[in-house]
Amino acid sequence: MSGLLDVGARALMANQVALQTAGHNISNVNVAGYSRQKVVLNSVEGQFTGGGYIGKGVSVTTVLRDHDELLTRQAAAAQSVQAGDGVRSQRLLQLQNIFQGGTQGLGASINDMLNSLGDVVSSPTDLTARMVSLTRMDEMAARMRSGAQQLQELGYAVDQQLASDMDHVNTLARNIAAVNEQIASAKGNGQTPNDLLDKRDQLIRELNQYVQTTQIPADDGTMGVFVGGSQALVLGNVAASLSVRESQSFPGSGQRALYFTPPGGRPIEMSTDLLGGGEVTGLMRFANTDLTDAGNMLGRMALSIGQTLNAQQANGLTLDGVAGNPLFSVPVSMPGYSSNPATVGTVAFTNPAAFAASDYEVRFTTPPAGVVVRLSDNQVTNVADFTVGQVVDGLNFQFTAPGAAGERVLFKPFSSAAGSIQALVKSPRDLAAANPINAAMGTTNTGTLQLAGLQVGAGFTPPPLGDTALPPTYPGGIQLRFTAAGTFDVLDRGSNPPTTLATAQSYVPGQPITVNGWSITLQGTPQVGDTVNVGNASDPQYGDWYTRDAGNAKALMNLRDTKLFDESTMADGYASLMAQVGTRTQSALYAAQVSGQIADNLEASRTAVSGVNLDEEASKLIQYQQAYQASAKVLQIAQNIFDNLISVISR
């Protein structure tokens, strides 16, 4: 009798556990990270009798979770990559919004500034036209500063998000360590703590949203969690911490770095190249690469435009007959950033047309020799001696003393140029619109020579003024004297008698003739003995002609066609910047889309194994309910038999 009761009781308890497990699955269907559980049943070994082995029912061996370790890790890694790509693409969209086109964009202000000089060319004495040009210059500088300010605010927002992410990472690491301890304690009873394992897996998945990890299980049931390939963020029930701060390699540079701090240890700077995916990695890449590159492109534009216009302004004369002062405030040199205060390096700006929008790193190999690395594309330039300087991409790198072998110095030549640019000239009289030289046809010329153009360029030195004789016997300057058909001599009129500088030079109508940093373009046919005198526009022999001359204003306006930005002209430079930012943004959006699809597919595969199917669980409920009712019927029948037996015996 007791055997039948035991079989029924065991069956009743087993089916009750199965029903409870199915109910547990249904109630956790919407819980993130929950893995479907199932009851493992075993037949109880039968009892031997003369008539054979009689079964003794069923028992519950354990409750297991449907779980695929490989799929879980693959899904977590894919979600980590997707999180990094996603946050970077979002920030790049914000960056793209800073560099907008249209009439309110920076490109429009640059073109408005250059085009406004056309009115000065047409009417050099019109103070209103000059004032409009100066106003356009001030507006262009203001938009440069506004763009730099928006980049700075975007960088600040990224720093705040990184700080928040670090709090989440460190909290998750501590929680994983605590669950590790609970799992190690629970496994001492020989059974698997399914819900704790799910909780730990979910915490690890959440951690991978911020920084990609690798996991290594231990014999006691705990899970070691590692970042950067080998740094133990969680080991057993002990958690380390992560933080984002300025790089120790380049103090003062603002370059962000991730630090790993072991329990009771000192912070260790980690290489971002080893971090893999995760939101932190995406933000670090955006801040140290995308945002830096955008700042460099904007800073290069500000510095190139400022230096180029300043150089041309210095070549002209104001309405008061003096050389023009700088139009914009731009730096002439920038310091380097090194962890060694004794290594002092500077970079000076020499050629705006050669600038590349990049940071640079000087690495000393055998001091004073080393290399200059352009960080945007890792192009290397070997340098024999940094103490005498080395020009790379229009930048002159020089050190007062060489660094030690293996020492690195970071240079950010364009990082602050846009944020500090200011328009300096406020008075319309101070716009240097006139050429510093003047040209006059000889009074005895018999040919048809005419002046078609006169312009000064880089390296120009104004001719000396005339001598003190009245009238001046040989006013300072250059004379072109035509000696035969199609040839001329060049004479220095600053000496007495004039010194011949060159003979039998070829003359082609409409082709510029260049001398001492200036060029003159003539049209017409000269006769032997015809002359052209070119001298200092301030020379009394020319009177106040410079007040009505707009040669330098025309040269300033023509700078819009000068190639300054990777073969793009000054007028088109902003469009090129927008294109580069837009291309990078579209590439990041595509990468986020691809990694998102991969992550979704792997998560779907993981869910197919571990997820709860309500239809399936509902069918199990019916199955286990029927088995439970049948088990109860066995007990009921056993009870009836027992009652009948007792009734018979008691008679």
Segment 479-493 residues that are modelled with pLDDT under 90 and of a type in the set (S, T, N, Q), paired with ones that are part of a loop (DSSP other than H, G, I, E, B) and surrounded by fewer than 19 Cβ atoms within 10 Å (Cβ to Cβ) (beta carbon under 8 Å, 6 or more apart): 479/498
Filtered residues of segment 99-129 (kept if among the β-branched types (Val, Ile, Thr), under 21 Å from residue 298 (Cβ atoms) and surrounded by 14 or more Cβ atoms within 10 Å (Cβ to Cβ)): 110
Strands (runs of 3 or more DSSP E) fully within segment 241-289 counting 3 or more residues that are assigned by TED's automatic domain parsing to the domain that holds residue 374: none
Among the candidates 202, 191, residue that is at pLDDT below 95, polar (S, T, N, Q) and assigned to a helix (DSSP H, G or I): 202
Checklist (1) assigned to a helix (DSSP H, G or I); (2) more than 28 Å from residue 38 (Cα to Cα) applied to residue 232, failing item: (1)
Residue within segment 455-475 that is crowded, with 19+ Cβ neighbours inside 10 Å, part of a strand (DSSP E or B), at pLDDT below 90 and out of contact with any Leu (no Cβ under 8 Å at 6 or more places or on another chain) present: yes
Qualifying residue in segment 122-144 (condition: farther than 30 Å from residue 8 by Cα, among the polar types (S, T, N, Q) and not in a helix (DSSP H, G or I)): yes
Residue list for segment 428-450, filter: surrounded by fewer than 18 Cβ atoms within 10 Å (Cβ to Cβ) and not assigned by TED's automatic domain parsing to the domain that holds residue 522: 429
Exclusive hit being among the hydroxyl-bearing types (Ser, Thr, Tyr), on the phi < 0 side of the Ramachandran plot and modelled with pLDDT under 85, set 647, 595: 647
Strands (runs of 3 or more DSSP E) wholly inside segment 498-590 that include at least 1 residues being within 48 Å of the chain's Cα centre (by Cα): 513-515, 518-523, 563-565
Some residue of segment 68-91 being surrounded by fewer than 17 Cβ atoms within 10 Å (Cβ to Cβ) and outside any helix (DSSP H, G or I): yes
Test: residue in segment 421-432 that is modelled with pLDDT under 95 and part of a strand (DSSP E or B): no
Check on residue 38, free of Cβ contacts under 8 Å to residues at least 60 places away in the same chain, in a loop (DSSP other than H, G, I, E, B) and over 17 Å from residue 603 (Cα atoms): no
Single unsatisfied condition, residue 54 versus (1) more than 30 Å from residue 599 (Cβ to Cβ); (2) touching a helix residue (DSSP H, G or I) at 6+ places or on another chain (Cβ under 6 Å): (2)
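This table checks each residue for (1) of a type outside the set (Asp, Glu); (2) touching a helix residue (DSSP H, G or I) at 6+ places or on another chain (Cβ under 8 Å).
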| position | (1), (2) |
| --- | --- |
| 215 | yes, yes |
| 230 | yes, no |
| 242 | yes, yes |
| 246 | no, no |
| 258 | yes, yes |
| 262 | yes, no |
| 270 | yes, no |
The listed residue being under 26 Å from residue 607 (Cα atoms), within 30 Å of the chain's Cα centre (by Cα) and among the basic types (Lys, Arg), out of 205, 200: 205
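The values are calculated or read from the model by the stated rules, or taken from the named source; none is laboratory data. What you are looking at is a predicted structure, and each value in this text was computed from that prediction instead of being measured. Because the Cβ atoms are built from the backbone with ideal geometry, glycine has one as well, and the counts that use them run over all protein chains shown.
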